[in-house]
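Written out below as structure tokens is the structure these notes cover.
Please treat every number below as a calculation from the coordinates, not as lab data. This is a predicted model, so every value here is computed, not measured. Virtual Cβ from ideal backbone geometry, glycine too; neighbours counted across all protein chains shown.
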Amino acid sequence: MTDRSSKFLVRIMIATALVLAGFFQAGAQDRTRLLYFSSFPEIMQSGTEPGLAELASAIRSEKERNPNTFFIHGGASLGPSVFGAMDNGAHMVDILNAINPDMMAVGKREFSYGFDNFILNALSATFPLVTSNLVDAATGYGIEATYPSLLLDSEGLAIGVIVLTSSNSVIEYGAAQASVVETEEAVRKAALSLREDDANAIILLADTDYDDLSRFQAGGVVDAIFYTHNFGNPQTLDAQGELINEGPLDGKVIALDIWMSNSVSGDPELLTEASLLNLSDFPAAPDIASIVSDYRQRLDLLLGPGIAISTGAFDTLRDNIRSRENAFANLVTDALRMQVEAEVMLLNGGSIRGNTTYPASHEISRGDIQKELPFGNKTALLNLKGSDLLAALEHGVDCGLRGDGCFIHFSNLSVEYDPRLPMGERVSSVMIAGEPLDPDRLYRTAVSDFMAMGNDGYTMLANSERLYSAGTNRLLWNVVAEYVERIETFEPAIDGRLVNIASSNTSRLTPAGSRVSVEN
């Protein structure tokens with residue numbers, strides 16, 4: 001081969017490479033990229049873990065690389081949080097307005113501070129909040145400041161978004177002004193409407209408590225499903241058979257590329273490809289870091305240094321808090337009972353949210369307590385009939401057997417139960433201050449205002465007479481913090497308030513025959 005022919009060949013190869021590079025670059029631009037993130041209510045992260053500032057940087061970088069990129073926020077982030085109990089989640093809306101998602105799903109946790117505060121947050125958001133199955137209970141129409149679905153338009157591709165909000169927004173989170181449309185009806189109705197609006201693809205966003213909606217993807221009703229990343233969910237993405245089980249709780253953004261291609265028959269075919277972005281690979285966006293820093297400084301001033309020392313290790317791990325007697329929960333219920341001079345104190349386990357292990361000699365701060373009790377609930381005092389108290393205990397025991405947040409913690413009670421008995425008949429003994437429970441007597445009973453309204457399945461409390469005390473209507477975490485500050489030393493203890501008579505384990509609510517270690 002001559003030098004001339006060699007140079008000619010090289011030129012052809014270079015030209016071909018440039019054409020192919022242009023082709024692949026154009027192909028990448030033709031793809032629409034969805035960036036998904038959820039389940040991030042806290043502005044404070046431990047150690048050097050990435051947070052909202054890194055998220056903003058990742059979103060901006062991806063949008064600069066490909067203009068056909070949308071940031072889809074899966075929700076579960078307006079609460080509960082440390083700062084949220086002080087401003088009802090408004091700070092998170094402030095930060096998200098600066099990050100500028102293209103939409104946000106309405107999850108049950110968006111109602112952490114009540115229905116009315118959710119509406120205020122939705123009105124303050126500069127981005128659309130979407131729920132396809134939650135409607136106003138009074139009118140049957142969509143909830144104020146929300147959208148029933150959304151159509152995202154990129155170059156040559158229209159993507160419809162449907163959002164399923166958990167029914168537990170009403171049951172667990174007290175959004176009684178809302179009602180939930182049946183899942184099948186909501187999804188199919190929204191999908192039909194979006195297809196009529198020429199949606200090329202439909203994405204379904206599922207709140208926590210949904211863990212298998214594959215029938216909609218398999219049947220072609222939707223093309224991909226994002227599941228809110230949560231404890232126990234088997235996956236975060238189902239896209240044309242491609243499953244991903246990592247996500248925001250692992251510090252990752254899910255990226256889903258969507259594009260149209262010609263099939264073997266020549267007809268247009270929708271294709272998807274999923275990948276993960278590590279937040280730790282991106283620098284903090286300075287403007288978002290500045291906003292977060294400002295809020296953190298306010299928190300430091302409000303929550304201050306340590307106020308008591310723990311003599312032993314204790315934890316507030318989710319599984320323990322929702323299934324067994326817990327040393328921290330005992331501290332909380334004792335503090336609240338004493339504050340209002342009640343005979344009994346009841347508290348649902350879902351109120352305690354820290355999911356943290358504390359070592360011995362830990363210096364407990366107001367911030368720790370606020371983190372553990374982030375909802376902004378207050379104390380209520382009831383004149384509760386003994387039979388209703390027993391019904392509440394039965395309900396709480398049943399909740400514990402399935403590890404639900406409605407599991408009950410209590411003060412000044414000793415309860416024995418048998419998990420082998422039918423639901424509603426498992427509590428075999430209740431002692432109050434050493435005396436058997438009298439079903440006909442009225443007991444001065446402290447509860448959270450959330451429970452007092454009948455939420456989390458505690459309907460037996462809703463019609464009880466409300467009593468007044470100087471300690472009622474105070475934030476739970478404030479009362480507990482004052483109590484801890486007074487005692488100065490916290491000695492974590494399990495004292496046999498809850499006994500499984502079918503097992504040698506005296507604290508955990510597990511079926512007979514199961515054996516687990518007793519906490520502490």
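Check each of the GluC sites (Glu not before Pro) in the stretch 319-426 and keep only those in coil by DSSP with at most 14 other C-beta atoms within 10 angstrom; list them in order. Intermediate values should be presented prior to the final figure.
Details: sites: GLU325, GLU341, GLU343, GLU363, GLU372, GLU394, GLU416, GLU425; in loops: GLU325, GLU341, GLU343, GLU425.
Within the stretch 319-426, the qualifying GluC sites (Glu not before Pro) (loop, at most 14 other Cβ atoms within 10 Å) are GLU341, GLU425.
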Quiz item: What do the square roots of 5 times the Cα gyration tensor eigenvalues come to for the chain, in whole Å, largest first, as semi-axes of the equivalent ellipsoid?
Solution: 49, 25, 22
Quiz prompt | Degrees, to the nearest 10: 476-487 long Cα axis against longest axis of the chain | solution = 60 degrees
Exercise. Round to a whole angstrom and tell me the spacing of the C-alpha centers of the stretch 132-157 and the stretch 28-73.
Key: 23 Å
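Which peptide among 126-133, 440-447 comes first, and what is the full order, when sorted by highest mean count of other Cβ atoms within 10 Å? Show your work: numbers first, answer last.
On the way: 126-133: 21.8, 440-447: 20.1.
Ranked by mean Cβ neighbours within 10 Å, highest first: 126-133, 440-447.
For n ≥ 4 DSSP H runs only, could you compute -39500 (n - 2.57) per run for the chain, divide by its residues and tell me the 222 nm figure to the nearest 500?
Numbers: 15 runs with 163 residues, N = 520.
My calculation for the chain gives -9500 deg cm²/dmol from helical runs alone.
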Quiz item: Can you give the convex hull volume per residue for the Cα atoms of the stretch 92-177, as a whole number of Å³?
Solution: 86 Å³
Quiz prompt | Tilt relative to the chain, helix 386-401 - C-alpha long axis, 0 to 90 degrees, to 10 | solution = 40 degrees
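For the ranges 264-275, 75-86, what's the packing order if you count other beta-carbon atoms within 10 Å of each residue, average per peptide, and put the highest first? Intermediate results must be reported in sequence, preceding the final value.
On the way: 264-275: 11.9, 75-86: 25.2.
Ranked by mean Cβ neighbours within 10 Å, highest first: 75-86, 264-275.
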Quiz item: How much length is gained on full extension from SER414 to ASP495, taking 0.36 nm per residue of separation minus their Cα-Cα distance?
Solution: 28.2 nm
Quiz item: What whole number of Å gives the distance from the Cα centroid of the stretch 415-489 to the Cα centroid of the stretch 162-186?
Solution: 27 Å
Quiz prompt | Chain lengthening between ALA90 and SER293 when straightened (0.36 nm per residue, less Cα-Cα) | solution = 71.5 nm
Quiz item: With charges set only on the Cβ (+1 for Lys and Arg, -1 for Asp and Glu), what does the dipole of the chain come to about its Cα centre, in debye to the nearest 20?
Solution: 520 debye
Practice problem: Enumerate lysine pairs in the chain that are 8 or more residues apart or on different chains, then count those whose Cα atoms are under 23 Å apart. | Solution: 5
Self-check item: Estimated FRET transfer efficiency (ASP281, GLU155; beta-carbon r; R0 35 Å; 0.05)
Solution: 0.85
Quiz item: Points 7 angstrom from Cα along the Cβ direction at ALA462 and ASP116: gap in nanometres?
Solution: 1.9 nm
Exercise. Give the Kirkwood hydrodynamic radius (Å, one decimal) of the stretch 183-250, defined as one over the mean of 1/r across all pairs of different Cα atoms.
Key: 12.4 Å
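Which percent, nearest 5, of DSSP beta bridges in the chain are antiparallel?
Numbers: 59 of 87 bridges.
So the antiparallel bridges in the chain amount to around 70 percent.
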Quiz prompt | Förster radius 60 Å - calculated FRET efficiency between GLN240 and ALA470 (Cβ-Cβ, nearest 0.05) | solution = 0.50
Quiz item: Once both axes come from the Cα atoms, what is the angle between helix 286-303 and the longest principal axis of the chain, in degrees from 0 to 90, rounded to 10?
Solution: 10 degrees
Self-check item: Debye-sum result for the stretch 210-291 in log10 I(q)/I(0), which assumes one identical scatterer on each alpha carbon, at q = 0.14 Å⁻¹
Solution: -0.60
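Can you tell me what share of the DSSP beta bridges in the stretch 82-208 is antiparallel? A percent to the nearest 5 is fine. Each step should come with its number before you reach the end.
Numbers: 9 of 19 bridges.
Beta bridges within the stretch 82-208, antiparallel portion: roughly 45 percent.
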Quiz item: Using the Cβ atoms and a cut-off under 12 Å, what net charge is assigned to the surroundings of GLU182, where Lys and Arg are +1 and Asp and Glu are -1?
Solution: 0
Self-check item: Estimated inter-spin distance, ALA137 and GLU273, nm [label 7 Å along Cα→Cβ]
Solution: 4.8 nm
